[in-house]
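Worksheet: the structure to be examined is printed underneath.
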Amino acid sequence: MSNGTETGGGDVGRQIGLAMRDLLRVAPAVHSQLAARLAIGPTDLTALDVTTSGSTPLGVVELAQRLGIRSASATVLVDRLVASGHLQRSPHPSDRRRTSLTATEAAHRDVRAALEPLIADIALITGELDARSAAVVLGFLRRATATLESFVADSERGPRGC
């Protein structure tokens, strides 16, 4: 089914879908490359990302749940990231029995430095967009991200009728 917009290679919607698939396909390699540049493992990098992306502080148990690993494994992972200077433990703001995990300023600095060439290249690409095109691309990316998040959430709730 065509939306009426054709390119030399076929339907634009299909082309966008294929481009999204290519983007999603390369994302794990980017993640692995960033981990390698930081001299940490991919799961350690995911842990850093999880601890920096939320608005509420996480403890080891919550981190384990988000990563889908056992609490004991998360403790070893956190110990490794604390020893490497990427994470720090601090008292939990509302529960004195617990600790919170936060990325260190050194971790933020290292990640920024490792991503700087990629960010600069993407900035060059976005700099080529006029304001209206940039708004359309931004809207598309936000809706596509929401769709992917919904897909993940649905998958976590269990399989649908087969």
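The values are calculated or read from the model by the stated rules, or taken from the named source; none is laboratory data. Small disclaimer: the values here were computed from a predicted structure and weren't measured. Ideal geometry is used to build each Cβ from the backbone, glycine not excepted, and the neighbour counts take in all protein chains shown.
Only one entry of 67, 48, 63 meets the criterion of being within 17 Å of the chain's Cα centre (by Cα), touching a residue at least 60 places away in the same chain (Cβ under 8 Å) and not assigned by TED's automatic domain parsing to the domain that holds residue 16, and that entry is 48.
For the criterion of being farther than 28 Å from residue 13 by Cβ, β-branched (Val, Ile, Thr) and either part of a helix (DSSP H, G or I) or in contact (Cβ under 8 Å) with a residue 40 or more places away in the chain (or both), residue 111 passes. Spot the failing condition for residue 131; the list is (1) exposed (fewer than 10 other Cβ atoms within 10 Å of the Cβ); (2) touching a helix residue (DSSP H, G or I) at 6+ places or on another chain (Cβ under 6 Å), and only one is missed. Unmet condition: (2).
Only one entry in 118, 138, 129, 124 is in a loop (DSSP other than H, G, I, E, B), modelled with pLDDT of 95 or more and outside the structural domain of residue 33 (by TED's automatic domain parsing), namely 129. Taking the criterion of being among the charged types (D, E, K, R) and modelled with pLDDT of 90 or more, the residues of the stretch 49-101 that qualify are 49, 62, 66, 70, 79, 80, 89.
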